[in-house]
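Heads up, the thing below is written out as structure tokens.
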Amino acid sequence: SSAASDVYKRQPGVPVAPPLPSMLRVTDHSIALTATHIARSLAAAEGSAAPFPHFFARGLFPDVVYAALRQQFNARLDWEDLIHKDATRKDGSSSRKVISLNSMFVDALKDGAERRFWTSMLEVLGGDTVRRAVFAALQQDESQYIGEFEILLINDEHDYKIHPHPDAPQKSITI
């Protein structure tokens with residue numbers, strides 16, 4: 001759609017993301033396996049209720065998916081500055097970048113393999129298996145949370161420092 005193209009416009013003359021690894025084939029089976037892998041990683045996560053419910057998960061993604069994510073993250077040209085006081089540099093730019101992983105983002109992708117990959121990531125991260133695993137890892141009752149489920153890809157650059165903190169009141173869960 002043209003609205004999606006306007007939001008996620010690539011800069012002319014700047015290379016697009018390299019091709020995804022040939023061993024990464026997006027299928028219904030690979031989506032289910034990735035979601036199951038994430039759920040198992042979350043089940044093994046170290047969690048705590050203080051100072052707010054949180055967890056630390058290792059090996060969240062299968063190695064091949066993580067490699068593809070890193071490759072795509074590093075090649076993305078359409079990160080937007082995430083402006084807030086802790087991330088704003090002296091020149092006004094941000095040391096945190098964000099992409100909303102949603103249908104508008106995916107629809108704007110021209111490359112078929114790239115579109116399939118990000119569509120699968122949207123299905124995995126927004127799916128029931130991962131959502132239930134997140135609530136279980138946080139030891140939170142899912143029925144108490146209402147509202148939109150938004151997936152944000154956040155790229156913290158080398159000069160961004162984050163300290164343990166409770167999220168803003170309008171956020172329920174941040175991973």
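The values are calculated or read from the model by the stated rules, or taken from the named source; none is laboratory data. Everything numeric here is computed off the predicted structure, so don't read it as measured data. As a convention, Cβ positions derive from the backbone with ideal geometry for all residues, glycine included, and neighbour counts pool all protein chains shown. All accessible areas refer to the heavy atoms of the entire protein, side chains included, with ligands and DNA or RNA removed. Shrake-Rupley method; radii C 1.70, N 1.55, O 1.52, S 1.80 Å.
Among the helices (runs of 4 or more DSSP H) lying completely within segment 1-100, list those that include at least 3 residues that are open to solvent by less than 90 Å² (accessible area, probe 1.4 Å) and at pLDDT below 80. Can you show your working first?
Values: elements: 2-7, 28-43, 63-75.
Counting at least 3 such residues, we get 2-7.
Yes or no: ARG132 at pLDDT below 90, part of a helix (DSSP H, G or I) and among the charged types (D, E, K, R)? Talk me through it step by step, then tell me what you get.
Details: at pLDDT below 90: no; part of a helix (DSSP H, G or I): yes; among the charged types (D, E, K, R): yes.
Answer is no for this residue.
Of the residues GLU114, GLU142, GLU157, GLU148, only one is among the acidic types (Asp, Glu), modelled with pLDDT under 90 and over 26 Å from PRO62 (Cα atoms); which? Even if it seems obvious, please write down each step before you answer.
Working: GLU114 fails: over 26 Å from PRO62 (Cα atoms); GLU142 fails: over 26 Å from PRO62 (Cα atoms); GLU157 fails: over 26 Å from PRO62 (Cα atoms).
After ruling out the rest, the residue left standing is GLU148.
Starting from segment 102-125, take each residue that is within 11 Å of ILE31 (Cα to Cα) and list its partners that are at pLDDT 90 or above and of a type in the set (S, T, N, Q), counting only C-beta distances under 7 angstrom and pairs at least six apart or across chains.
From segment 102-125, the pairs are VAL124/THR34.
Determine if segment 137-146 includes at least one residue that is open to solvent by less than 70 Å² (accessible area, probe 1.4 Å), in a helix (DSSP H, G or I) and not acidic (Asp, Glu).
Checking segment 137-146: at least one residue is open to solvent by less than 70 Å² (accessible area, probe 1.4 Å), in a helix (DSSP H, G or I) and not acidic (Asp, Glu).
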